[in-house]
Amino acid sequence: DNSITELLGALCDCSIYGVSWKRRALGGLSKEGARKALKKRAYGALLSKFFQPGTCKGSASGPATTPPRNKVLMISFDLRVAGCREEAERLEELLGALPEGDAADPVLELLVHLAGSALPPPTSF
Amino acid sequence: MASGANANMNAVRETMDVLLEISRLLNTGLDMESLSICVRLCEQGINPEALSLVIKELRKASDSLKASDNSTN
């Protein structure tokens, strides 16, 4: 269950978790249809980047690229400047807790690209 | 042999916990399940930047599905 197609399918399933299909089926859009449409969009996004120059595996790890750990440290610096000292310190602590070597680098790179992309948690009154 | 496998499992779990907390601090919106799928996709050599586009695209699509879900309520 580790093939790219299966993993992308699982990612699509995660993103439509919680959608009500019973009511939707009456309107003509089935779960399978939505899943197919999501997969199409996922592959479209994946391939759009794949064929852009400078995105091949070799150039991504080239000397001109900032290592993802440094990018996380830059975010940590921004947090400090914004007055979020505790979060910045925790972030640096967690970075230090990751295993040595660059095995976690692609995941860190992904997290940096997604940083701030989620909606802020709802404020309670 | 079994204890070696257990130690390895614990190390993987700890790394996942650390990555999940980093993910939360960075406000990426990934839950544990999505994160573990992303980790495996990265292990398969998927470009992280391309994967981030995939996730953003899937979010847009599911948001519009959920929004239309709410409007019919």
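Local charge for B:LEU25 was computed over the other residues whose Cβ lies under 15 Å away, with Lys and Arg +1 and Asp and Glu -1, and equals -3.
Between A:ASN2 and A:LYS40, the contour length at 0.36 nm per residue exceeds the Cα-Cα span by 11.7 nm. I want the local charge near A:LEU47. Using Cβ-Cβ distances under 14 Å, sum +1 for each Lys or Arg and -1 for each Asp or Glu among the other residues. Neighbourhood net charge equals +2. For the segment B:4-16, counting C-beta atoms of other chains within 10 Å of every residue's C-beta and taking the mean gives 1. For the pair A:VAL19 and A:ARG80 in one chain, pulling the backbone fully straight at 0.36 nm per residue adds 18.1 nm over the alpha carbon distance.
A simple rule links phi to the HN-Hα coupling: the Karplus curve 6.51 cos²θ - 1.76 cosθ + 1.60 with θ = phi - 60°, which for segment B:40-48 gives 5, 5, 5, 5, 7, x, 5, 5, x Hz, with x for Gly and Pro.
Readers should treat all values here as calculations from the given coordinates under stated rules, not as data from a laboratory. It should be emphasised that the depicted structure is a prediction, and the values quoted were computed from it without experimental measurement. Heads up, the Cβs are rebuilt from the backbone with ideal geometry, glycines too, and the neighbour counts pull from every protein chain shown.
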